[in-house]
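Engineer: Take this structure, written in structure tokens, and hold onto it; I'll ask about it next.
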Amino acid sequence: MLLFNITESWTTSLSITLMFTLLRFGINLTFPNTISNAQANAPMSQMADISSIFNMFQQYGGSLGTTILASVIAFHQNQATSPLEFKQKTQVGGNLDYLLLLILATIVAAATFYNWNFQSRKQATNENQ
């Protein structure tokens with residue numbers, strides 16, 4: 001998301017494709033590990049529930065995120081009075097979308113590192129007992 005924010009003024013189709021590929025690669029590396037970590041900390045009887053909950057939240061988050069981001073762009077586009085201004089307002093809405101996604105990604109990264117640190121301390125405490 002940081003790359004999208006920095007390069008938005010001079011992006012090409014190729015650069016967008018490469019950045020999106022990098023983004024999806026990172027997501028595909030982390031999502032299965034997140035599910036595995038959640039399942040490792042839960043009773044065996046809840047494994048199917050955990051998997052279905054993660055998949056449900058992924059679908060819900062994707063649809064909610066798309067709705068919010070499209071609404072931000074549409075809100076800015078509706079303020080335009082000419083075709084040139086429409087293009088400019090669309091860019092402003094897109095920039096705001098990238099900023100919102102960057103903030104969200106930062107919050108998620110911080111929560112992930114906090115959780116990892118918490119689990120490491122918990123595991124160390126259990127090994128010392």
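The values are calculated or read from the model by the stated rules, or taken from the named source; none is laboratory data. In this text the structure is predicted, and so the values were computed from the model without any measurement. Heads up, the Cβs are rebuilt from the backbone with ideal geometry, glycines too, and the neighbour counts pull from every protein chain shown. These accessible areas exclude ligands, DNA and RNA; they are computed on the full protein's heavy atoms, side chains included. Shrake-Rupley method; radii C 1.70, N 1.55, O 1.52, S 1.80 Å.
Engineer: When the accessible area of the chain is split by element with a 1.4 Å probe, what percent falls to carbon and sulfur?
Structural biologist: Its accessible area is 67 percent carbon and sulfur atoms.
Engineer: As I understand it, the value is the acute angle between the Cα axis of helix 83-128 and the longest principal axis of the Cα atoms of the chain; what does it come to in degrees, rounded to 10?
Structural biologist: Between helix and principal axis, roughly 10 degrees.
Engineer: Would you work out the Kirkwood radius for segment 4-46? I mean one over the mean of 1/r across all pairs of different Cα atoms, in Å.
Structural biologist: Evaluated on segment 4-46, it is 12.7 Å.
Engineer: Could you size up the charge dipole of segment 1-127 around its Cα centre, putting +1 on the beta carbon of Lys and Arg and -1 on that of Asp and Glu, and report it in debye to the nearest 20? Each step should come with its number before you reach the end.
Structural biologist: Values: 5 positive and 5 negative charges, 13 e Å.
I would put it at about 60 debye.
Engineer: For segment 1-37 and segment 41-81, what is the separation of their C-alpha centers, rounded to whole Å?
Structural biologist: Value for the Cα centre distance between the two parts: 17 Å.
Engineer: Shifting gears a bit: Normalised by the residues of segment 11-122, what does the relative contact order come to in percent, with Cα pairs under 8 Å and at least six apart?
Structural biologist: Value for segment 11-122: 14 percent.
Engineer: Compute the Kirkwood hydrodynamic radius of segment 53-129, taking the inverse of the mean of 1/r over all pairs of distinct Cα atoms, and give it in Å to one decimal.
Structural biologist: Value: 15.4 Å, from the Cα pair sum.
Engineer: So I have [x] 14.2, 44; [y] 17.3, 56; [z] 19.5, 70, and one of them is Rg and Dmax of the Cα atoms in Å calculated from this model. Which one is it?
Structural biologist: [z]
Engineer: Using helices alone, I'd like the mean residue ellipticity at 222 nm for the chain: each DSSP H run of four-plus residues gives -39500 (n - 2.57), total over residue count, nearest 500.
Structural biologist: Working: 4 runs with 111 residues, N = 129.
One gets -31000 deg cm²/dmol as the mean residue ellipticity at 222 nm.
Engineer: Now for a different question. Work through the residues other than residue 1 whose Cβ is under 13 Å from its Cβ and net out their charges, Lys, Arg +1 and Asp, Glu -1.
Structural biologist: On the way: positive: 24; negative: 8, 97.
Taking every Cβ under 13 Å from that of residue 1, the sum is -1.
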